[in-house]
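The values are calculated or read from the model by the stated rules, or taken from the named source; none is laboratory data. Just so you know, these numbers come straight off a predicted model, no measurement behind them. Cβ sites come from the backbone with ideal geometry, for glycine too, and all protein chains shown count toward neighbours.
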Amino acid sequence: MADIFTPNNMKFLLVGLRMTLYISAISLILSTIIGCVLGVMRNSKILPLKAVAAVYIEIVRNIPNLLWIFVVFLVLRMKSTQAGITAFTLFTSAAIGEIVRGGLNSIGHGQIEAARSQGFNAWQVLRYIILPQAFRKIIPTLVSQFITVVKDTSFLWSVVAIQELTGKATILMGRYYRVNQVFILYGIVALTYFIINFGLSNVFRHVQKRLGTW
Amino acid sequence: MGPFAWFKWEALFADLPQFFRGFGYTFLLSVAALALALVLGIIFGLLCEVQFAPFRAISRVYVEFFQNTPLLIQVFFLYNGLPLIFGLKLSVTTIGIIGVGLYHGAYITEVVRAGIGSVSRGQLEAGLSQGFTYTQVMLEIILPQAVRVMLPPLTNQAVNLIKNTSVVAIISGADIMFTAKSWSGWNQYYGPAFVAAGILYFVICFPLAKLATHLENKVHGGAVNG
(Lines give C-alpha, C1' and ligand atoms only; values in the text may rest on other atoms or scores of the structure.)
Protein backbone atom coordinates (compact mmCIF):
# COMPACT_ATOMS: atom_id res chain seq x y z
CA MET A 1 0.00 0.00 0.00
CA ALA A 2 2.81 2.36 0.94
CA ASP A 3 4.38 1.75 -2.46
CA ILE A 4 1.40 3.44 -4.11
CA PHE A 5 1.23 6.48 -1.87
CA THR A 6 4.68 7.81 -2.76
CA PRO A 7 5.16 11.53 -3.27
CA ASN A 8 6.10 10.87 -6.89
CA ASN A 9 2.93 8.94 -7.64
CA MET A 10 0.78 11.52 -5.92
CA LYS A 11 2.43 14.32 -7.87
CA PHE A 12 1.90 12.30 -11.05
CA LEU A 13 -1.81 11.96 -10.33
CA LEU A 14 -2.15 15.60 -9.29
CA VAL A 15 -0.79 16.73 -12.66
CA GLY A 16 -3.55 14.62 -14.23
CA LEU A 17 -6.14 16.09 -11.92
CA ARG A 18 -5.03 19.59 -12.90
CA MET A 19 -5.54 18.70 -16.56
CA THR A 20 -9.01 17.28 -15.83
CA LEU A 21 -10.00 20.43 -13.95
CA TYR A 22 -8.47 22.72 -16.58
CA ILE A 23 -10.29 21.14 -19.52
CA SER A 24 -13.55 20.87 -17.56
CA ALA A 25 -13.45 24.46 -16.32
CA ILE A 26 -12.66 26.07 -19.69
CA SER A 27 -15.24 23.91 -21.47
CA LEU A 28 -17.89 24.68 -18.87
CA ILE A 29 -17.37 28.42 -18.94
CA LEU A 30 -17.47 28.54 -22.75
CA SER A 31 -20.44 26.14 -22.94
CA THR A 32 -22.46 28.07 -20.40
CA ILE A 33 -22.00 31.31 -22.32
CA ILE A 34 -22.73 29.74 -25.73
CA GLY A 35 -25.55 27.63 -24.26
CA CYS A 36 -27.30 30.73 -22.85
CA VAL A 37 -27.06 32.46 -26.23
CA LEU A 38 -28.40 29.33 -27.99
CA GLY A 39 -31.24 28.94 -25.50
CA VAL A 40 -32.33 32.56 -25.94
CA MET A 41 -31.98 32.29 -29.73
CA ARG A 42 -34.09 29.16 -29.76
CA ASN A 43 -36.88 31.00 -27.98
CA SER A 44 -36.61 34.16 -30.05
CA LYS A 45 -39.23 35.33 -32.51
CA ILE A 46 -36.66 35.96 -35.23
CA LEU A 47 -37.02 32.88 -37.39
CA PRO A 48 -33.48 32.52 -38.80
CA LEU A 49 -31.96 32.76 -35.30
CA LYS A 50 -34.44 30.25 -33.99
CA ALA A 51 -33.76 27.84 -36.84
CA VAL A 52 -29.98 28.01 -36.50
CA ALA A 53 -30.15 27.36 -32.77
CA ALA A 54 -32.66 24.52 -33.18
CA VAL A 55 -30.63 22.74 -35.84
CA TYR A 56 -27.40 23.10 -33.88
CA ILE A 57 -28.89 21.92 -30.60
CA GLU A 58 -30.76 18.95 -32.06
CA ILE A 59 -27.94 17.65 -34.22
CA VAL A 60 -25.24 18.03 -31.61
CA ARG A 61 -27.01 16.72 -28.55
CA ASN A 62 -28.44 13.64 -30.24
CA ILE A 63 -25.01 12.30 -31.16
CA PRO A 64 -22.69 10.98 -28.41
CA ASN A 65 -20.08 13.25 -26.90
CA LEU A 66 -17.50 10.53 -27.56
CA LEU A 67 -18.20 10.76 -31.28
CA TRP A 68 -17.66 14.52 -31.23
CA ILE A 69 -14.27 13.99 -29.63
CA PHE A 70 -13.32 11.63 -32.47
CA VAL A 71 -14.64 14.07 -35.06
CA VAL A 72 -12.74 17.05 -33.69
CA PHE A 73 -9.53 15.08 -33.31
CA LEU A 74 -9.53 12.94 -36.45
CA VAL A 75 -11.58 14.89 -39.00
CA LEU A 76 -10.70 18.44 -37.97
CA ARG A 77 -7.15 17.37 -37.01
CA MET A 78 -6.86 19.49 -33.90
CA LYS A 79 -4.16 19.09 -31.29
CA SER A 80 -5.20 17.05 -28.29
CA THR A 81 -5.87 19.61 -25.54
CA GLN A 82 -7.59 22.02 -27.93
CA ALA A 83 -9.48 19.09 -29.43
CA GLY A 84 -10.70 18.10 -25.97
CA ILE A 85 -11.86 21.59 -25.08
CA THR A 86 -13.46 22.12 -28.50
CA ALA A 87 -15.31 18.80 -28.43
CA PHE A 88 -16.64 19.31 -24.94
CA THR A 89 -17.65 22.89 -25.65
CA LEU A 90 -19.38 21.84 -28.86
CA PHE A 91 -21.42 19.12 -27.17
CA THR A 92 -22.09 20.80 -23.82
CA SER A 93 -23.16 24.13 -25.30
CA ALA A 94 -25.95 22.26 -27.13
CA ALA A 95 -26.96 20.43 -23.97
CA ILE A 96 -26.98 23.67 -21.97
CA GLY A 97 -28.83 25.44 -24.78
CA GLU A 98 -31.63 22.91 -24.39
CA ILE A 99 -31.60 23.28 -20.60
CA VAL A 100 -31.78 27.09 -20.87
CA ARG A 101 -34.63 26.85 -23.38
CA GLY A 102 -36.58 24.67 -20.95
CA GLY A 103 -35.95 27.14 -18.15
CA LEU A 104 -37.07 30.12 -20.23
CA ASN A 105 -40.20 28.28 -21.31
CA SER A 106 -41.15 27.60 -17.72
CA ILE A 107 -41.62 31.33 -17.03
CA GLY A 108 -45.24 32.22 -17.57
CA HIS A 109 -46.09 34.45 -20.48
CA GLY A 110 -48.16 36.70 -18.24
CA GLN A 111 -45.03 37.97 -16.54
CA ILE A 112 -43.54 39.09 -19.83
CA GLU A 113 -46.70 40.95 -20.76
CA ALA A 114 -46.92 42.51 -17.31
CA ALA A 115 -43.32 43.73 -17.54
CA ARG A 116 -43.78 45.04 -21.08
CA SER A 117 -46.89 46.92 -19.98
CA GLN A 118 -44.79 48.52 -17.24
CA GLY A 119 -42.43 49.93 -19.85
CA PHE A 120 -39.62 47.33 -19.76
CA ASN A 121 -38.07 46.73 -23.17
CA ALA A 122 -37.38 43.21 -24.51
CA TRP A 123 -33.80 43.16 -23.23
CA GLN A 124 -34.82 44.40 -19.78
CA VAL A 125 -37.55 41.78 -19.53
CA LEU A 126 -34.98 39.11 -20.32
CA ARG A 127 -32.34 40.55 -17.99
CA TYR A 128 -34.45 41.41 -14.93
CA ILE A 129 -37.55 39.22 -15.12
CA ILE A 130 -36.93 36.01 -17.03
CA LEU A 131 -33.25 35.11 -16.62
CA PRO A 132 -33.08 35.36 -12.80
CA GLN A 133 -36.09 33.08 -12.36
CA ALA A 134 -35.09 30.71 -15.14
CA PHE A 135 -31.56 30.47 -13.77
CA ARG A 136 -32.80 29.42 -10.35
CA LYS A 137 -34.98 26.75 -11.91
CA ILE A 138 -32.33 25.21 -14.09
CA ILE A 139 -29.56 25.06 -11.47
CA PRO A 140 -30.07 21.35 -10.66
CA THR A 141 -30.09 20.27 -14.33
CA LEU A 142 -27.21 22.58 -15.11
CA VAL A 143 -25.09 21.15 -12.30
CA SER A 144 -25.87 17.63 -13.41
CA GLN A 145 -24.56 18.64 -16.85
CA PHE A 146 -21.40 20.15 -15.28
CA ILE A 147 -20.80 16.87 -13.46
CA THR A 148 -21.30 14.95 -16.68
CA VAL A 149 -18.55 17.03 -18.28
CA VAL A 150 -16.09 16.38 -15.45
CA LYS A 151 -16.83 12.66 -15.68
CA ASP A 152 -16.71 12.48 -19.46
CA THR A 153 -13.29 14.13 -19.67
CA SER A 154 -12.18 10.60 -18.74
CA PHE A 155 -12.75 9.68 -22.42
CA LEU A 156 -9.88 11.94 -23.43
CA TRP A 157 -7.10 9.56 -22.47
CA SER A 158 -8.43 6.73 -24.60
CA VAL A 159 -9.26 8.89 -27.61
CA VAL A 160 -6.68 11.66 -27.82
CA ALA A 161 -4.10 10.48 -25.25
CA ILE A 162 -4.45 13.50 -23.00
CA GLN A 163 -2.93 12.56 -19.66
CA GLU A 164 -5.74 13.71 -17.45
CA LEU A 165 -6.65 11.97 -14.21
CA THR A 166 -7.87 8.75 -15.84
CA GLY A 167 -4.88 8.72 -18.16
CA LYS A 168 -2.35 9.17 -15.36
CA ALA A 169 -4.07 6.49 -13.29
CA THR A 170 -4.11 4.07 -16.22
CA ILE A 171 -0.39 4.64 -16.74
CA LEU A 172 0.26 3.95 -13.05
CA MET A 173 -1.85 0.79 -13.20
CA GLY A 174 0.46 -0.45 -15.91
CA ARG A 175 3.41 -0.15 -13.52
CA TYR A 176 1.84 -2.03 -10.63
CA TYR A 177 0.59 -5.53 -11.02
CA ARG A 178 -0.37 -6.69 -7.54
CA VAL A 179 -4.07 -7.03 -6.91
CA ASN A 180 -4.26 -4.69 -3.94
CA GLN A 181 -2.20 -2.03 -5.72
CA VAL A 182 -4.52 -1.94 -8.71
CA PHE A 183 -7.52 -1.97 -6.42
CA ILE A 184 -6.17 1.01 -4.49
CA LEU A 185 -5.50 2.91 -7.70
CA TYR A 186 -9.09 2.40 -8.84
CA GLY A 187 -10.18 3.58 -5.41
CA ILE A 188 -8.08 6.73 -5.58
CA VAL A 189 -9.36 7.70 -9.02
CA ALA A 190 -13.01 6.99 -8.22
CA LEU A 191 -12.76 8.86 -4.93
CA THR A 192 -11.12 11.89 -6.57
CA TYR A 193 -13.88 12.19 -9.17
CA PHE A 194 -16.41 11.59 -6.45
CA ILE A 195 -15.09 14.41 -4.26
CA ILE A 196 -15.07 16.91 -7.15
CA ASN A 197 -18.57 16.03 -8.33
CA PHE A 198 -20.20 15.55 -4.98
CA GLY A 199 -18.63 18.86 -3.93
CA LEU A 200 -19.93 20.57 -7.08
CA SER A 201 -23.48 19.35 -6.53
CA ASN A 202 -23.47 20.40 -2.87
CA VAL A 203 -22.05 23.85 -3.55
CA PHE A 204 -24.79 24.51 -6.09
CA ARG A 205 -27.48 23.05 -3.85
CA HIS A 206 -26.38 25.64 -1.32
CA VAL A 207 -26.40 28.42 -3.94
CA GLN A 208 -29.90 27.46 -4.98
CA LYS A 209 -31.10 27.52 -1.39
CA ARG A 210 -29.60 30.96 -0.85
CA LEU A 211 -31.28 32.25 -3.97
CA GLY A 212 -34.53 30.90 -2.57
CA THR A 213 -37.26 29.16 -4.49
CA TRP A 214 -40.37 30.99 -5.50
CA MET B 1 -8.60 14.94 -51.59
CA GLY B 2 -10.50 16.49 -48.69
CA PRO B 3 -11.73 14.42 -45.78
CA PHE B 4 -15.07 14.06 -47.61
CA ALA B 5 -13.81 13.11 -51.11
CA TRP B 6 -16.29 11.17 -53.21
CA PHE B 7 -14.29 7.92 -53.47
CA LYS B 8 -14.28 7.75 -49.67
CA TRP B 9 -18.06 7.83 -49.71
CA GLU B 10 -18.11 5.06 -52.30
CA ALA B 11 -15.97 2.94 -50.00
CA LEU B 12 -18.41 3.67 -47.18
CA PHE B 13 -21.46 2.66 -49.21
CA ALA B 14 -19.75 -0.60 -50.14
CA ASP B 15 -19.21 -1.41 -46.46
CA LEU B 16 -22.54 -0.10 -45.21
CA PRO B 17 -23.67 -3.55 -43.93
CA GLN B 18 -20.84 -3.36 -41.37
CA PHE B 19 -22.28 -0.11 -40.05
CA PHE B 20 -25.76 -1.59 -39.88
CA ARG B 21 -24.41 -4.49 -37.84
CA GLY B 22 -22.90 -1.92 -35.47
CA PHE B 23 -26.29 -0.21 -35.31
CA GLY B 24 -27.96 -3.52 -34.41
CA TYR B 25 -25.40 -4.12 -31.68
CA THR B 26 -25.88 -0.63 -30.21
CA PHE B 27 -29.64 -1.12 -30.34
CA LEU B 28 -29.64 -4.49 -28.56
CA LEU B 29 -27.07 -3.32 -26.02
CA SER B 30 -29.23 -0.27 -25.29
CA VAL B 31 -32.37 -2.36 -24.84
CA ALA B 32 -30.65 -4.79 -22.46
CA ALA B 33 -28.93 -2.03 -20.47
CA LEU B 34 -32.15 -0.03 -20.27
CA ALA B 35 -34.02 -3.08 -18.95
CA LEU B 36 -31.38 -3.54 -16.24
CA ALA B 37 -31.37 0.19 -15.44
CA LEU B 38 -35.16 0.22 -15.10
CA VAL B 39 -35.19 -2.76 -12.75
CA LEU B 40 -32.44 -1.23 -10.61
CA GLY B 41 -34.05 2.19 -10.74
CA ILE B 42 -37.41 0.92 -9.56
CA ILE B 43 -35.89 -1.23 -6.77
CA PHE B 44 -33.61 1.51 -5.44
CA GLY B 45 -36.24 4.19 -6.05
CA LEU B 46 -38.71 2.29 -3.86
CA LEU B 47 -36.00 1.71 -1.26
CA CYS B 48 -35.67 5.51 -0.95
CA GLU B 49 -39.23 5.59 0.35
CA VAL B 50 -39.19 2.84 2.96
CA GLN B 51 -39.20 3.43 6.70
CA PHE B 52 -36.17 1.22 7.34
CA ALA B 53 -33.23 3.69 7.34
CA PRO B 54 -30.43 1.27 6.27
CA PHE B 55 -32.32 0.57 3.00
CA ARG B 56 -32.62 4.28 2.33
CA ALA B 57 -28.89 4.63 3.02
CA ILE B 58 -27.99 1.83 0.59
CA SER B 59 -30.06 3.50 -2.08
CA ARG B 60 -28.40 6.88 -1.44
CA VAL B 61 -24.89 5.40 -1.60
CA TYR B 62 -25.74 3.63 -4.87
CA VAL B 63 -27.05 6.82 -6.47
CA GLU B 64 -24.25 9.10 -5.28
CA PHE B 65 -21.47 6.68 -6.16
CA PHE B 66 -22.63 5.95 -9.70
CA GLN B 67 -23.68 9.51 -10.51
CA ASN B 68 -20.45 11.07 -9.29
CA THR B 69 -17.84 8.76 -10.82
CA PRO B 70 -17.16 8.36 -14.54
CA LEU B 71 -18.87 5.57 -16.45
CA LEU B 72 -15.56 4.85 -18.15
CA ILE B 73 -13.83 4.17 -14.81
CA GLN B 74 -16.64 1.79 -13.89
CA VAL B 75 -16.34 0.05 -17.25
CA PHE B 76 -12.53 -0.12 -16.95
CA PHE B 77 -12.97 -1.67 -13.53
CA LEU B 78 -15.25 -4.35 -14.96
CA TYR B 79 -12.92 -4.89 -17.92
CA ASN B 80 -9.46 -4.73 -16.33
CA GLY B 81 -10.07 -4.77 -12.60
CA LEU B 82 -12.42 -7.73 -12.18
CA PRO B 83 -10.21 -10.27 -13.99
CA LEU B 84 -7.17 -9.17 -12.00
CA ILE B 85 -8.78 -8.78 -8.60
CA PHE B 86 -11.45 -11.48 -8.63
CA GLY B 87 -10.31 -13.62 -11.56
CA LEU B 88 -13.66 -12.89 -13.22
CA LYS B 89 -13.54 -12.33 -16.95
CA LEU B 90 -16.78 -11.06 -18.49
CA SER B 91 -17.48 -10.61 -22.20
CA VAL B 92 -17.39 -7.07 -23.57
CA THR B 93 -21.14 -7.21 -24.22
CA THR B 94 -21.87 -8.28 -20.64
CA ILE B 95 -19.64 -5.49 -19.37
CA GLY B 96 -21.50 -3.02 -21.58
CA ILE B 97 -24.89 -4.12 -20.27
CA ILE B 98 -23.84 -4.22 -16.61
CA GLY B 99 -21.75 -1.02 -16.78
CA VAL B 100 -24.27 1.14 -18.61
CA GLY B 101 -27.19 -0.47 -16.73
CA LEU B 102 -25.70 0.20 -13.28
CA TYR B 103 -24.74 3.75 -14.22
CA HIS B 104 -28.13 4.75 -15.60
CA GLY B 105 -29.93 2.77 -12.91
CA ALA B 106 -28.67 5.43 -10.51
CA TYR B 107 -30.19 8.20 -12.64
CA ILE B 108 -33.44 6.29 -12.99
CA THR B 109 -33.55 5.80 -9.22
CA GLU B 110 -33.69 9.58 -8.90
CA VAL B 111 -36.44 9.77 -11.50
CA VAL B 112 -38.50 7.13 -9.69
CA ARG B 113 -37.94 8.82 -6.34
CA ALA B 114 -39.07 12.19 -7.71
CA GLY B 115 -42.06 10.53 -9.36
CA ILE B 116 -43.20 8.90 -6.14
CA GLY B 117 -42.57 12.18 -4.30
CA SER B 118 -44.87 13.98 -6.75
CA VAL B 119 -47.87 11.97 -5.53
CA SER B 120 -49.15 13.41 -2.29
CA ARG B 121 -48.29 11.53 0.88
CA GLY B 122 -51.95 11.72 1.98
CA GLN B 123 -52.83 9.13 -0.65
CA LEU B 124 -50.44 6.64 0.90
CA GLU B 125 -52.02 7.20 4.31
CA ALA B 126 -55.53 7.08 2.89
CA GLY B 127 -54.73 3.81 1.12
CA LEU B 128 -53.21 2.26 4.24
CA SER B 129 -56.17 3.34 6.38
CA GLN B 130 -58.49 1.57 3.91
CA GLY B 131 -56.74 -1.71 4.57
CA PHE B 132 -54.42 -1.80 1.54
CA THR B 133 -50.96 -3.16 2.30
CA TYR B 134 -47.95 -0.92 1.64
CA THR B 135 -47.07 -2.88 -1.51
CA GLN B 136 -50.64 -2.63 -2.78
CA VAL B 137 -50.77 1.12 -2.22
CA MET B 138 -47.46 1.56 -4.03
CA LEU B 139 -48.31 -0.70 -6.98
CA GLU B 140 -51.97 0.17 -7.40
CA ILE B 141 -52.27 3.79 -6.28
CA ILE B 142 -48.98 5.66 -6.18
CA LEU B 143 -46.96 4.20 -9.07
CA PRO B 144 -49.67 4.50 -11.77
CA GLN B 145 -49.91 8.23 -11.01
CA ALA B 146 -46.15 8.63 -10.63
CA VAL B 147 -45.55 7.07 -14.05
CA ARG B 148 -47.10 10.07 -15.77
CA VAL B 149 -44.57 12.36 -14.13
CA MET B 150 -41.73 9.89 -14.63
CA LEU B 151 -42.21 9.24 -18.32
CA PRO B 152 -40.57 12.40 -19.76
CA PRO B 153 -37.38 12.19 -17.66
CA LEU B 154 -37.25 8.43 -18.28
CA THR B 155 -37.33 9.04 -22.01
CA ASN B 156 -34.50 11.52 -21.62
CA GLN B 157 -32.57 8.93 -19.66
CA ALA B 158 -33.10 6.42 -22.46
CA VAL B 159 -31.54 8.91 -24.90
CA ASN B 160 -28.56 9.46 -22.61
CA LEU B 161 -28.20 5.72 -22.14
CA ILE B 162 -28.10 5.08 -25.88
CA LYS B 163 -25.42 7.73 -26.32
CA ASN B 164 -23.43 6.32 -23.42
CA THR B 165 -23.39 2.80 -24.85
CA SER B 166 -20.69 4.26 -27.10
CA VAL B 167 -18.17 3.74 -24.28
CA VAL B 168 -18.05 0.06 -25.19
CA ALA B 169 -16.14 1.18 -28.29
CA ILE B 170 -13.23 1.99 -25.98
CA ILE B 171 -13.12 -1.65 -24.85
CA SER B 172 -13.73 -2.87 -28.44
CA GLY B 173 -17.44 -3.70 -28.31
CA ALA B 174 -18.76 -4.02 -31.88
CA ASP B 175 -21.12 -1.02 -31.71
CA ILE B 176 -21.66 1.92 -34.10
CA MET B 177 -18.79 3.92 -32.64
CA PHE B 178 -16.31 1.05 -32.77
CA THR B 179 -17.30 0.19 -36.34
CA ALA B 180 -16.69 3.80 -37.43
CA LYS B 181 -13.42 3.93 -35.54
CA SER B 182 -11.98 0.66 -36.76
CA TRP B 183 -13.25 0.99 -40.34
CA SER B 184 -11.72 4.46 -40.70
CA GLY B 185 -8.62 3.57 -38.72
CA TRP B 186 -7.89 0.98 -41.38
CA ASN B 187 -8.47 3.15 -44.49
CA GLN B 188 -8.18 6.68 -42.99
CA TYR B 189 -11.59 7.73 -44.39
CA TYR B 190 -12.62 9.45 -41.16
CA GLY B 191 -15.04 11.98 -42.66
CA PRO B 192 -17.68 9.63 -44.11
CA ALA B 193 -17.25 7.13 -41.26
CA PHE B 194 -18.17 9.63 -38.56
CA VAL B 195 -20.96 11.20 -40.59
CA ALA B 196 -22.47 7.72 -40.99
CA ALA B 197 -22.05 6.95 -37.29
CA GLY B 198 -23.56 10.32 -36.36
CA ILE B 199 -26.59 9.70 -38.55
CA LEU B 200 -27.11 6.22 -37.06
CA TYR B 201 -27.11 7.64 -33.52
CA PHE B 202 -29.26 10.58 -34.56
CA VAL B 203 -32.02 8.43 -36.05
CA ILE B 204 -32.54 6.70 -32.70
CA CYS B 205 -31.92 9.61 -30.33
CA PHE B 206 -33.70 12.47 -32.10
CA PRO B 207 -37.21 10.92 -32.19
CA LEU B 208 -36.86 9.85 -28.55
CA ALA B 209 -35.69 13.32 -27.48
CA LYS B 210 -38.64 14.86 -29.34
CA LEU B 211 -40.97 12.41 -27.63
CA ALA B 212 -39.54 13.45 -24.24
CA THR B 213 -40.22 17.14 -24.96
CA HIS B 214 -43.73 16.28 -26.14
CA LEU B 215 -44.47 14.27 -22.98
CA GLU B 216 -43.04 17.06 -20.84
CA ASN B 217 -45.37 19.60 -22.40
CA LYS B 218 -48.27 17.26 -21.82
CA VAL B 219 -47.47 16.79 -18.12
CA HIS B 220 -46.90 20.47 -17.48
CA GLY B 221 -49.53 21.67 -19.90
CA GLY B 222 -47.05 23.94 -21.61
CA ALA B 223 -45.62 26.88 -19.68
CA VAL B 224 -46.31 26.96 -15.98
CA ASN B 225 -46.27 30.10 -13.92
CA GLY B 226 -43.09 30.48 -11.88
Boolean, B:Thr155 is within 24 Å of B:Leu78 (Cβ to Cβ), of a type outside the set (Lys, Arg), touching a residue at least 24 places away in the same chain (Cβ under 8 Å) and assigned to a helix (DSSP H, G or I): no
Number of the condition not met by B:Ala180 [criteria: (1) under 17 Å from the mean Cα position of the chain (by Cα); (2) more than 21 Å from B:Leu36 (Cα to Cα); (3) facing chain A (nearest Cβ under 10 Å)]: (1)
Region A:47-70, residues that are small (Gly, Ala, Ser) and more than 13 Å from every other protein chain (Cβ to nearest Cβ): A:Ala51, A:Ala53
Number of the condition not met by B:Val50 [criteria: (1) assigned to a helix (DSSP H, G or I); (2) modelled with pLDDT under 95]: (1)
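Considering only region B:72-116, how many residues are part of a loop (DSSP other than H, G, I, E, B) and within 10 Å of chain A (Cβ to nearest Cβ)? Quick ask: steps written out before the conclusion?
At the first step, the residues of region B:72-116 found to be part of a loop (DSSP other than H, G, I, E, B) are B:87-91.
Remaining after also requiring within 10 Å of chain A (Cβ to nearest Cβ): B:87.
Within region B:72-116, residues that are part of a loop (DSSP other than H, G, I, E, B) and within 10 Å of chain A (Cβ to nearest Cβ) number 1.
Can you tell me which residue is nearest to the other protein chains (Cβ to nearest Cβ) among those in region B:60-71 that are under 14 Å from B:Ala37 (Cα atoms) and either touching a residue at least 60 places away in the same chain (Cβ under 8 Å) or among the hydroxyl-bearing types (Ser, Thr, Tyr) (or both)? It would help to see each step written out before you state the result.
Looking only at region B:60-71, we keep the residues that are under 14 Å from B:Ala37 (Cα atoms), and these are B:62-63, B:66-67, B:71.
Then keep just the ones that are either touching a residue at least 60 places away in the same chain (Cβ under 8 Å) or among the hydroxyl-bearing types (Ser, Thr, Tyr) (or both); that gives B:62, B:71.
Working: B:Tyr62: 13, B:Leu71: 7 Å.
Filtering region B:60-71 for residues that are under 14 Å from B:Ala37 (Cα atoms) and either touching a residue at least 60 places away in the same chain (Cβ under 8 Å) or among the hydroxyl-bearing types (Ser, Thr, Tyr) (or both), the one nearest to the other protein chains (Cβ to nearest Cβ) comes out as B:Leu71.
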Output for region A:172-214, where each listed residue is among the aromatic types (Phe, Trp, Tyr), assigned to a helix (DSSP H, G or I) and more than 8 Å from chain B (Cβ to nearest Cβ): A:Phe204
Check on B:Gly131, surrounded by fewer than 13 Cβ atoms within 10 Å (Cβ to Cβ), free of Cβ contacts under 8 Å to residues at least 40 places away in the same chain and either touching a Cys at 6+ places or on another chain (Cβ under 9 Å) or not polar (S, T, N, Q) (or both): yes
Index of the failed condition, A:Ile96 passing every other in (1) surrounded by fewer than 16 Cβ atoms within 10 Å (Cβ to Cβ); (2) in contact (Cβ under 8 Å) with a residue 24 or more places away in the chain: (1)
Matching entry among B:Ala53, B:Ala33, B:Ala14 (being of a type in the set (A, V, I, L, M) and touching a helix residue (DSSP H, G or I) at 6+ places or on another chain (Cβ under 9 Å)): B:Ala33
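Those residues that are facing chain B (nearest Cβ under 10 Å) and either outside any helix (DSSP H, G or I) or under 18 Å from A:Gly167 (Cβ atoms) (or both), I need them from region A:73-87; list them, please. Please lay out each step first, then the result.
Step one: of region A:73-87, the residues facing chain B (nearest Cβ under 10 Å) are A:73-77.
Those that are facing chain B (nearest Cβ under 10 Å) and either outside any helix (DSSP H, G or I) or under 18 Å from A:Gly167 (Cβ atoms) (or both): A:Phe73, A:Leu76, A:Arg77.
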Residue check for B:Leu46: under 28 Å from A:Leu200 (Cα atoms) and touching a His at 6+ places or on another chain (Cβ under 9 Å): no
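Okay, residues lined up against (1) within 13 Å of chain B (Cβ to nearest Cβ); (2) among the hydrophobic types (A, V, I, L, M, F, W, C); (3) in a helix (DSSP H, G or I):
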| residue | (1), (2), (3) |
| --- | --- |
| A:Arg116 | no, no, yes |
| A:Phe120 | no, yes, no |
| A:Gln124 | no, no, yes |
| A:Ile129 | yes, yes, yes |
| A:Phe135 | yes, yes, yes |
| A:Ile139 | no, yes, yes |
| A:Ser144 | yes, no, yes |
| A:Thr148 | yes, no, yes |
| A:Gln163 | no, no, no |
Odd one out for B:Ala209 among (1) closer than 17 Å to A:Gly102 by Cα; (2) at the interface with chain A (Cβ under 9 Å from one of its Cβ atoms); (3) surrounded by fewer than 19 Cβ atoms within 10 Å (Cβ to Cβ); (4) not aromatic (Phe, Trp, Tyr): (3)
